[in-house]
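Data block below; observations after.
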Amino acid sequence: MNNTSFEGQAGSEKEALHCVGQFAARCGFPEERVLDMRTAVEEAVLNAIEHGLLRERGSSFRIDCSFEKGVLEIHVSHRGARFTPPEVVPDIHAKMDGRDSPRGWGVYLIHQLSDEVVFEEMEGRNVVRMRFVLDKERYPNRSH
Amino acid sequence: MTVDIEINGKLGVFKLEGDLSAALEEPMLKAYADVDTHRPTKLLLRFVPECTINSAGIAVLISVISQARREGKHVGVAGLSPHYRKIFDLIGLTEYVEMLTDEEAVKTFMEET
């Protein structure tokens, strides 16, 4: 099996993460990268809930995972108003001294923990496309 | 998710367990207020290794650590799994807390109070 999908609503995040984690482990990713994936996907799902599901009653998020040639691609998508990710890197110093809200780490963590990430709109859905390379020595160009 | 507190002289210990998310805010602020009545000079955030922390939980921790530092309290962090130590490092929180990576370091931190 080289792909899997999950559809859920607010409250089913843990089930979704379990599903992604199991799939990644079956693809051969080490535990450290599986944990990175789970955190990145959790942040994408929380974003979908905050910006979509909580504003549109009864709506859901969807996760699609596919594994091919050493690359695991995970799409987290939801219907809703277009989400534009912040371009500014959060500043811990500004947050610690009260010049900025302590929140706003989700997109940053997604970028840091995945090998490649794209935020886009496809057919009325906000999609976060994340890629994770299994073996960077064997597939050096797969994250570009 | 649970937040248990313990007072040990001038040290306030917060034991954090479960999935730490936005829901951490209320119990954490209450725990902080309870600990603060004992006028601690140091705080120890002791995570149960199995706990998970998302970005909203991190925001709550930043608020608490920020407040503690403004009040001149030294903050130590113990029990984080390697994954969350990496997350703390990525966001820069390790510049603001003392990372205690083994029980010997925790013991020393507690004894120095």
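Each value in this text was obtained by applying a stated rule to the coordinates, not by laboratory testing. Because the structure is a prediction, the values reported are computed rather than measured. Glycine gets a Cβ as well: all are built from the backbone with ideal geometry, and neighbour counts include every protein chain shown.
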With unit charges on the beta carbons (Lys and Arg positive, Asp and Glu negative) and the dipole taken about the Cα centre of the protein assembly as shown, which residue among B:LEU16, B:ILE91, A:HIS111 sits farthest to the positive side? A:HIS111
How big is the gap, in Å, between the Cα center of region A:79-98 and the Cα center of region A:1-41? 25 Å
If you average the sequence gap of Cα pairs under 8 Å that are 6 or more apart and divide by the length of region A:1-71, what percent do you get for the contact order? 53 percent
Over chain B, relative contact order from alpha-carbon pairs under 8 Å, at least 6 apart, %: 26 percent
Share of antiparallel DSSP beta bridges in the protein assembly as shown, in percent to the nearest 5? 70 percent
Starting from the eigenvalues of the Cα gyration tensor, five times each then square-rooted, give me the equivalent ellipsoid semi-axes of the protein assembly as shown, largest first, whole Å. 35, 20, 16
Taking a ≥ b ≥ c as the square roots of the Cα gyration tensor eigenvalues, with a/c under 1.5 meaning rounded and otherwise prolate when a/b beats b/c or oblate if not, region A:1-84 comes out prolate
Scan region B:1-68 for trypsin sites (Lys or Arg not before Pro) in coil per DSSP, keeping those whose Cβ has at most 16 other Cβ atoms within 10 Å, and list them by number. B:LYS10
Under 5 Å, built H, 5+ apart or other chain: amide partners of B:LEU80: B:PHE47
If you take the alpha carbon radius of gyration of chain A and divide it by 2.2 N^0.38 Å, what ratio comes out, to two decimals? 1.06
If we count other beta carbons within 10 Å of each Cβ, what is the order of B:ILE65, B:ILE7, fewest first? B:ILE7, B:ILE65
How large is the Rg to Rh ratio of chain B when both quantities use alpha carbon positions and Rh follows Kirkwood? 0.92
Under 8 Å for C-alpha pairs, at least 6 residues apart: give me the relative contact order for chain A, rounded to a whole percent. 25 percent
Average other protein chain Cβ within 10 Å of Cβ, residues A:89-99: 4
Using the count of nearby Cβ atoms within 10 Å as a rough guide to exposure, how do B:ASP89, A:ASP115 rank from fewest to most? B:ASP89, A:ASP115
With +1 at each Lys and Arg Cβ and -1 at each Asp and Glu Cβ, the charge dipole magnitude of chain B around its Cα centre, to the nearest 20 debye, comes out at 320 debye
Check: region A:63-143 dipole with +1 on Lys, Arg Cβ and -1 on Asp, Glu Cβ, in debye: 120 debye
